[in-house]
1. Just to be sure, is THR7 under 21 Å from VAL164 (Cβ atoms), more than 15 Å from the ligand (Cβ to nearest atom) and within 28 Å of the chain's Cα centre (by Cα)?
2. Which ranges mark the helices (runs of 4 or more DSSP H) fully within the stretch 126-244 that have 3 or more residues being open to solvent by 20 Å² or more (accessible area, probe 1.4 Å), at pLDDT below 95 and more than 16 Å from the ligand (Cβ to nearest atom)?
3. Quick one: ARG47 ticks every box in (1) at positive phi; (2) open to solvent by 30 Å² or more (accessible area, probe 1.4 Å); (3) modelled with pLDDT under 95 except a single one, so which number is it?
4. Which numbered condition trips up ASP206, out of (1) under 27 Å from TRP36 (Cα atoms); (2) over 23 Å from the mean Cα position of the chain (by Cα)?
Amino acid sequence: MHIGVVTLFPQMFEAVTEYGITGRAIKAERVKLNYWNPRDFTTDKHRTVDDKPFGGGPGMLMKTEPLQLAIRAARQSLEVAGGNNDLASNDLTKSNARAKVIYLSPQGKKLEQSGIEQLSCSSALVMVCGRYQGIDERLLEAEIDEEWSLGDFVISGGELAAMVLIDALTRLQPGALGGEDSAGLDSFSQGLLHCPQYTRPQTVADMIVPEALLSGDHERIRVWRLKQSLGTTWKKRPDLLKKMNLNAEQRTLLEEFINEYKTTQAGSSAE
Ligand code: 9D3
């Protein structure tokens, strides 16, 4: 996967290129990153990248010309480098393929694992990172294919959002997780939260490890983990459970969990 990032702050991306799973995948070129800095597309002495909003008001916008030039350069470079696009579509004629250009912004559609999976079907993506109060509406119309948000809270620019997306996309690239983990087993692709986890020592501040996990009985461990996943999801994220169709085993285990939870929570009837 080729990713072109349009950003005033390319050095911020060291957070993904230099560390951990993402660092390894990028060094192995499973994900190729290139940066396009609007400042490099300025022509004035001060290399201006911001401009005042028409109508007045506080704050600045990104200056249109250098931003547009940077976006177009990024897109064209990706079309030569990898072509696109949607690996799921039948239109594989690389000659007229257009790299998908996305804009990370508070106005975008909320990113969820399903959206990440959709985006991972593109072999070439341009991520536009806004700063200041954002970009001119006409650039949005002319240059941006999709607008994505991390959620309803405020951060200072698109770079951290782009890095979150790069990280999530990298995990879906074949080989990126190196066997120690599997993207397909990640909790959100299953629709449930992960069960509680324990490592050594067997006792921490008088608290022990659930017996099933020490039993060596793989079927018992599987059932314990599934039940705890269902119960944890029921307690912490009931909204996720409502979206799921539980099978017979899952329904039974969740029912058991809820009954045990209610009797121990009530206190009076606890053993
Ligand atoms: C507080 C300023 N807001 C009202 C004038 C507008 C605003 C402009 C620019 C708010 C945030 C930003 C910068 N944010 C992003 O670029 C951003 C973002 C976010 O703030 N929240 C969630 N997801 C994203 S993706 C990019």
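The values are calculated or read from the model by the stated rules, or taken from the named source; none is laboratory data. Remember, predicted model here, so these are calculated numbers, not experimental data. A quick note on method: Cβ atoms are made from the backbone with ideal geometry, for glycine too, and the neighbour counts reach across all protein chains shown. Only protein heavy atoms, including side chains, enter the accessible area calculation; ligands, DNA and RNA are left aside. Shrake-Rupley method; radii C 1.70, N 1.55, O 1.52, S 1.80 Å.
1. Details: under 21 Å from VAL164 (Cβ atoms): yes; more than 15 Å from the ligand (Cβ to nearest atom): no; within 28 Å of the chain's Cα centre (by Cα): yes.
No.
2. Details: elements: 137-143, 159-171, 187-190, 211-214, 218-236, 238-242.
Those helices (runs of 4 or more DSSP H) span 187-190.
3. Only one criterion is unmet by ARG47, namely (3).
4. Every listed condition holds for ASP206 apart from (1).
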